[in-house]
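See structure below.
Nothing in this text is a laboratory measurement; each read-out follows from the coordinates by a stated rule. Treat the numbers as computed from the prediction; the structure is a model and nothing was measured. Heads up, the Cβs are rebuilt from the backbone with ideal geometry, glycines too, and the neighbour counts pull from every protein chain shown.
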Amino acid sequence: MSWQARALIGFMWGTLKPASSLLMRHPLALFGAARLGDLARLVQVPHPAHVSLGQEAFTACGGEWVRCGEGIDERKVVLYLHGGGYFFCSPCTHRSITWRLSAIAGRPVLALDYRQGPVHKLADSLTDALDAYECLLGRGHAPEDVIIAGDSAGGHLTLATLLALRDQGMPLPGAAICLSPWADLTDSPRRENRWQDPLLPESRVRWLARRWTSGLDPRDPLVSPVHGDFTGLPPLMIVTGSTEVLRDEARRVAARAREAGVPVWYEEWRRMPHVFPILADVVPEARQAFRHMSQFLTAVAERADSMGGTAAA
């Protein structure tokens, strides 16, 4: 591990994990965090000079276009779904991921500002993701030229979107990338890594899952994608840390996808924290993860060429 990663993990242990344990105990805390998130949207998060930003509006939500560098292929696009437990964060909090995705993919990234709890439901977030994807197709993007990516809750939304598109008979994107996906919203205890995870308290993850699944069947694949049938989905990359409390969910998704014949590129990074690629400004391992994502996208493109233009499994 780099010294930067060690230092940040120590910081998480001493500050962020205790704060999460204390704050995520009452519904009012979610409303307060969501309001802080709304205020954070007004703050201009710094980004490199070679990165351009633009706003987008959809039926019920908005988004942020992120373009990095010259020579961007506007025919292609990444639809990015940010994390934050379905109640926090926004496109602006995840720019360290989205501008790098634009750079390695050579295409613009649309970071979706989908509706979140506690005001909105999981179904609202999924509707926004599906609407945005259909809108991209309506604007002339070929399905195989779209990549869907997301982290944590956004990884959950990525998987749910793929399953919903497949079930609706919609054309599927060319590939998908999930960073530390939260894929199991059942009330099952997470015994692995509950003490090793430097950021997420296992009991608070379960508490949040119970809130978002109230009145729903938590084993529904659109609620807990880990229980889904992945047959027919496009190539999938999953990146997680070895000490994450969500690590086993990532492993199970990878296993079920492989069983269904989906090409899976699975990476488990030693002792890296939850969604560590977001730390790419300071952590060398996070920057290396983007190089691996670039290799995955190259492999997907080569596979598509060998199959006559489609990367779907």
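Worth pointing out:
- Against the criterion of being touching a helix residue (DSSP H, G or I) at 6+ places or on another chain (Cβ under 7 Å) and without any contact (Cβ under 8 Å) to a residue 40 or more places away in the chain, Val264 qualifies.
- Within the stretch 205-231, the residues that satisfy the criterion of being surrounded by 14 or more Cβ atoms within 10 Å (Cβ to Cβ) and assigned to a helix (DSSP H, G or I) are Val205, Arg206, Trp207, Leu208, Ala209, Arg211, Trp212, Pro225, Val226, His227.
Here's the yes/no breakdown for (1) over 22 Å from Ala301 (Cβ atoms); (2) over 17 Å from the mean Cα position of the chain (by Cα):
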site	(1), (2)
Leu136	no, yes
Gly140	no, yes
Asp145	no, yes
Gly150	no, no
Leu157	yes, no
Ala175	no, no
Thr186	yes, yes
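- Scope the stretch 188-229; condition more than 19 Å from Glu268 (Cβ to Cβ), touching a helix residue (DSSP H, G or I) at 6+ places or on another chain (Cβ under 6 Å) and not basic (Lys, Arg); matching residues: Pro201, Trp212, Pro221, Leu222, Gly228
- Residue within the stretch 256-265 that is in a helix (DSSP H, G or I) and within 30 Å of Ser20 (Cβ to Cβ) present: yes
- Within the stretch 247-261, considering residues that are touching a strand residue (DSSP E or B) at 6+ places or on another chain (Cβ under 7 Å) and touching a residue at least 24 places away in the same chain (Cβ under 8 Å), the one surrounded by the fewest Cβ atoms within 10 Å (Cβ to Cβ): Arg247
- First in the stretch 278-302 and surrounded by 14 or more Cβ atoms within 10 Å (Cβ to Cβ), second anywhere and among the hydroxyl-bearing types (Ser, Thr, Tyr) and not in a loop (DSSP other than H, G, I, E, B), Cβ under 9 Å, 6 or more apart: Ile278/Thr93; Ile278/Ser96; Leu279/Ser96; Ala280/Ser96; Ala286/Ser96
- Check on Gly83, in contact with a helix residue (DSSP H, G or I) (Cβ under 6 Å, 6 or more places away or on another chain) and not in a strand (DSSP E or B): yes
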